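Since the structure comes first, as structure tokens, the remarks are kept for the end.
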Amino acid sequence: MTPTPAFLDGNAAAGDLELLFGTDMTMASGQCRGCGKQMMLAEAHAYLGGPGTVLRCPGCEGVLLRMVRSPHDMWLNAAGLDHLRLPAPA
């Protein structure tokens with residue numbers, strides 16, 4: 001039997017990312033600051049079991065970004081991304 005991975009794909013974070021950025025972020029691309037891998041955020045490994053959401057690089061498992069929601073705020077740390085590229089609205 002194959003063990004179940006502890007993570008989901010980046011689509012699991014789509015709702016919170018859209019709430020924060022106001023657009024579908026699953027098609028946004030980024031580059032890992034640790035290993036240089038370029039990926040769509042939908043390809044990142046999403047960990048949802050803690051107090052917030054953590055997206056990790058599918059190449060090196062480095063932390064790309066962290067999001068935490070409180071009743072009054074959303075906190076975002078994207079220090080693991082060298083850059084984030086969003087498609088321009090039509």
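Please treat every number below as a calculation from the coordinates, not as lab data. Note that the coordinates shown come from a computational prediction; the quantities given were computed from them, not determined experimentally. Positions of Cβ are backbone-derived with ideal geometry, glycine not excepted, and every protein chain shown enters the neighbour counts.
So what is the relative contact order for the chain, in percent, with contacts set as C-alpha pairs under 8 Å and at least six apart?
On the way: 163 pairs, mean separation 23.5, N = 90.
It rounds to 26 percent for the chain.
Dipole magnitude for the chain: computed about the Cα centre from +1 point charges on Lys and Arg Cβ and -1 point charges on Asp and Glu Cβ, it is near 200 debye.
The alpha carbon gyration tensor of region 46-90 gives principal lengths a ≥ b ≥ c with a/c of 1.5 or higher and a/b no greater than b/c, which makes the shape oblate.
Considering only 47, 15, 80, the residue lying farthest towards the positive end of the dipole of the chain is 80, judged by Cα position with unit charges set on Cβ.
For the chain, what is the calculated [θ] at 222 nm in deg cm²/dmol (nearest 500), taking -39500 (n - 2.57) for each run of four or more DSSP H residues and dividing by its residue count? If you can, show how the numbers build up before the last one.
Details: 1 runs with 8 residues, N = 90.
-2500 deg cm²/dmol, from helical runs alone.
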